[in-house]
Amino acid sequence: MSLLCLVQVRNEARFLPGFLHHIAPHVDGIVALDDGSTDATPDILRREPRIASILRETAPGPPHATETTNRYRLLVEAARLGARWVVCADADERFE
């Protein structure tokens, strides 16, 4: 894969459908890390065809407590999948 989008999510069900609709046409795949969501976020991710990999944080702490570690895990997964380029995004972001 040439270009992967990396996204960390936690309880982003209200933003995630719009984000995926927006980003999917512009990337070869999406790697998501679910940081302990308790809403429909995991279901939304599983339904998206562009998702190349879903990582999970099984022992989440306070919001943003493991952000640096999560970002590292996303980058390692992107490299494993053969990404040449990555774009890091948040579910509430849109790109022009």
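When segment 41-54 is examined, which residues are found to be more than 18 Å from HIS26 (Cα to Cα) and outside any helix (DSSP H, G or I)?
ILE54
Of all residues in segment 1-39 being among the small types (Gly, Ala, Ser) and part of a strand (DSSP E or B), which is nearest to GLU67 (Cα to Cα)?
Residue satisfying both the conditions and the ranking: ALA32.
At pLDDT 95 or above and either in contact with a helix residue (DSSP H, G or I) (Cβ under 8 Å, 6 or more places away or on another chain) or crowded, with 16+ Cβ neighbours inside 10 Å (or both): does that describe LEU33?
So LEU33 fits the description; yes.
Among the residues of segment 44-54, is there at least one that is within 20 Å of ASN11 (Cβ to Cβ), open to solvent by 70 Å² or more (accessible area, probe 1.4 Å) and within 14 Å of the chain's Cα centre (by Cα)?
yes
For segment 55-84, give me each residue that is hydrophobic (A, V, I, L, M, F, W, C), assigned to a helix (DSSP H, G or I) and buried (at least 16 other Cβ atoms within 10 Å of the Cβ).
Across segment 55-84, the qualifying residues are LEU74, LEU75, ALA78.
The values are calculated or read from the model by the stated rules, or taken from the named source; none is laboratory data. Since this is a predicted model, take the numbers as computed values, not measurements. For neighbour counting, all protein chains shown are included, and Cβ atoms are generated from backbone atoms with ideal geometry for every residue, glycine included. With ligands, DNA and RNA removed, areas are computed over all heavy atoms of the protein, side chains included. Shrake-Rupley method; radii C 1.70, N 1.55, O 1.52, S 1.80 Å.
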